[in-house]
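*Asks:* This is the structure I want to talk about, given as structure tokens.
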Amino acid sequence: MKAVRLHQAGSGVQVDEVPVPRPTGEEVLIRVEAAGLCGSDAHILNGRTPLPHYPRILGHEVAGTVCETGPGAAGVEIGTRVAVNFLITCGQCRYCVSGRTSLCLSREGLGVVRDGGFAEYMVVPARNLIHIPGAVPFRHAALATDAFATSLHAISKRAQVQAGEGCIVVGVGGLGLSAVQLLKIRGAYPIIAVDADAKALELAMSLGATHSIPASAMEDGNHPAWAVTGGAVHAFDFVGRPETVQAATQAVDRGGRVVVVGHSPHSWNTADGSTMVREEKTVMGSYAFDKNEIEDVLGFMSRGLIDVDTMIGQVIGLDDVDHALATFGAPGRIPGRTIVEPAAGALKEGGFLLAEEPERTMS
């Protein structure tokens with residue numbers, strides 16, 4: 001099969017021919033139908049997030065079709081359409097037991113510690129599969145597994161946004177555009193989008209943002225949007241740079257919460273200690289999601305509450321992943337999320353024929 005592998009940090013990825021993996025124990029083999037390209041993949045490529053072993057098949061936002069099951073994967077049927085929770089957790093540590101599985105002490109990530117989904121096929125533990133509702137296309141389901149679930153985790157579990165509360169979204173790439181839509185569903189108002197890219201801001205407005213601010217003007221406390229809204233209770237920073245965290249901290253009102261989702265190797269800047277104390281502002285991190293949040297997002301999608309097609313910037317094949325990763329975040333980028341769709345087709349190897357793809361609606 002074809003697979004996009006990184007052989008060493010900073011080298012760029014390449015498409016290799018590798019054997020189709022075979023499921024053992026409680027694993028299943030899925031045919032990858034769609035996989036989202038994430039900023040985390042770019043961090044792995046440039047070495048900001050080093051991997052424990054190379055080469056590695058990248059890709060962690062995955063949806064596909066079950067093709068084969070291991071002997072211990074009870075209750076999983078061939079042909080089932082599934083989304084993949086990329087965090088493999090132990091289920092036994094204090095975080096897993098308390099429901100905070102994203103903090104599992106022995107978590108492993110598909111596409112990080114184990115091979116991921118920029119390939120025609122991948123092996124996944126059966127417990128990491130989530131059934132895709134019939135009306136949800138594979139492209140949408142792939143983005144539910146991280147691009148939307150990570151934003152939902154930040155909004156609902158970390159910030160605990162309530163209806164009518166003002167929110168700032170700093171950085172409206174894939175995660176930020178997801179956050180805008182989820183905040184709209186939650187009833188937040190106003191929803192203020194901030195980005196350096198005018199096209200990204202236009203897209204955010206079309207998806208539910210009520211105001212937009214160029215990144216260069218964010219530090220101006222007298223910006224017209226501030227005058228209209230009277231401040232914001234929450235800010236979500238999907239960039240994570242010291243200057244964006246600082247601007248977000250200054251922008252939220254007294255008692256405000258800044259939730260940082262964007263990764264950065266640098267220390268955060270907030271505000272002077274007196275301001276942080278006297279105005280009771282909070283700055284916190286937010287990482288990944290829990291399985292139930294993927295399920296919640298798929299539910300939103302099945303009910304037509306999320307416009308996924310508008311936020312998909314481009315759809316590419318495996319051969320185009322190297323260029324997409326190398327240019328990720330560059331000026332003039334295509335706004336929205338990139339979807340990778342491996343070439344379809346039945347494969348016969350090792351004496352088995354993969355199941356036919358079930359009928360579905362594709363975007």
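The values are calculated or read from the model by the stated rules, or taken from the named source; none is laboratory data. Quick caveat, the model's predicted, so the values are computed rather than measured. Positions of Cβ are generated from backbone atoms using ideal geometry, with glycine treated the same way; all protein chains shown enter the neighbour counts. The protein model used for the area step is the full one, side chains on, heavy atoms only, and it has no ligands, DNA or RNA in it. Shrake-Rupley method; radii C 1.70, N 1.55, O 1.52, S 1.80 Å.
*Asks:* Highest mean first, what order results for 110-122, 288-300 on Cβ atoms within 10 Å?
*Replies:* 110-122, 288-300
*Asks:* What is the distance, in nm, between label points placed 7 Å from the Cα along the Cα-to-Cβ direction at His323 and at Ser98?
*Replies:* If labels sit at His323 and Ser98, their model points lie 4.8 nm apart.
*Asks:* At what distance in angstrom do the alpha carbon centres of segment 125-168 and segment 186-205 lie from each other?
*Replies:* Their Cα centres are 18 Å away from one another.
*Asks:* Among the lysines, select those whose C-alpha is under 24 Å from the C-alpha of Lys2, and discard any that sit fewer than 8 residues away in the same chain.
*Replies:* Of all the lysines, those that pass the test against Lys2 - Cα under 24 Å, at least 8 places apart if same chain - are Lys348.
*Asks:* Let me spell out the model: positive unit charges on the Cβ of Lys and Arg, negative unit charges on the Cβ of Asp and Glu, origin at the Cα centre of the chain. What dipole size does that give, in debye rounded to 20?
*Replies:* In total the dipole reaches around 760 debye.
*Asks:* Then there's this: Can you pull out the trypsin sites (Lys or Arg not before Pro) in segment 1-98 whose DSSP state is coil and whose Cβ has at most 16 other Cβ atoms within 10 Å? Numbers along the way, then the final one.
*Replies:* Working: sites: Lys2, Arg5, Arg31, Arg48, Arg56, Arg81, Arg94; in loops: Arg48.
Taking segment 1-98 and a limit of 16 other Cβ atoms within 10 Å, the loop trypsin sites (Lys or Arg not before Pro) found are Arg48.
*Asks:* Here is a further query. At 0.890 mPa s and 25 °C, plugging the Kirkwood radius over alpha-carbon pairs of segment 115-202 into Stokes-Einstein gives what diffusion coefficient in µm²/s?
*Replies:* 166 µm²/s
*Asks:* Please work out the FRET efficiency for the pair Ala330 and His7, using the Cβ-Cβ distance as r and a Förster radius of 25 Å; give the result to the nearest 0.05.
*Replies:* 0.65
*Asks:* Let's test this: bin the Cα-Cα distances of the chain at 10 Å from zero up to the farthest pair and state each bin's percent.
*Replies:* Histogramming the chain at 10 Å steps yields 5, 25, 33, 24, 10, 3, 0 percent.
*Asks:* While we're here: Along the charge dipole of the chain, which of Thr69, Ser102, Ile57 sits closest to the positive end, that is, farthest toward it, with unit charges on the beta carbon of Lys, Arg, Asp and Glu (+1, +1, -1, -1)?
*Replies:* In the chain, that residue is Ser102.
*Asks:* With r defined as the distance between the Cβ atoms of Ala135 and Glu279 and R0 fixed at 51 Å, what FRET efficiency is calculated, to the nearest 0.05? Spell out each step's value before the answer.
*Replies:* Values: r = 45 Å, r/R0 = 0.89.
About 0.65, to the nearest 0.05.
*Asks:* With a 1.4 Å probe and every protein chain left in place, work out the accessible area per residue of the chain in Å², rounded to a whole number.
*Replies:* Numbers: 15270 Å² over 363 residues.
In whole numbers, the chain has 42 Å² accessible per residue.
*Asks:* Name the lysines eligible as straight-distance cross-link partners of Lys184: C-alpha to C-alpha under 25 Å, and not fewer than 8 places from it in the same chain.
*Replies:* Straight-distance partners of Lys184: Lys157, Lys199, Lys281, Lys291.
*Asks:* Can you tell which of Gly117, Thr145, Ala42 lies farthest toward the positive end of the dipole of the chain, using +1 and -1 charges on the Cβ of basic and acidic side chains (Lys, Arg; Asp, Glu)?
*Replies:* Going by the charge dipole, the pick is Thr145.
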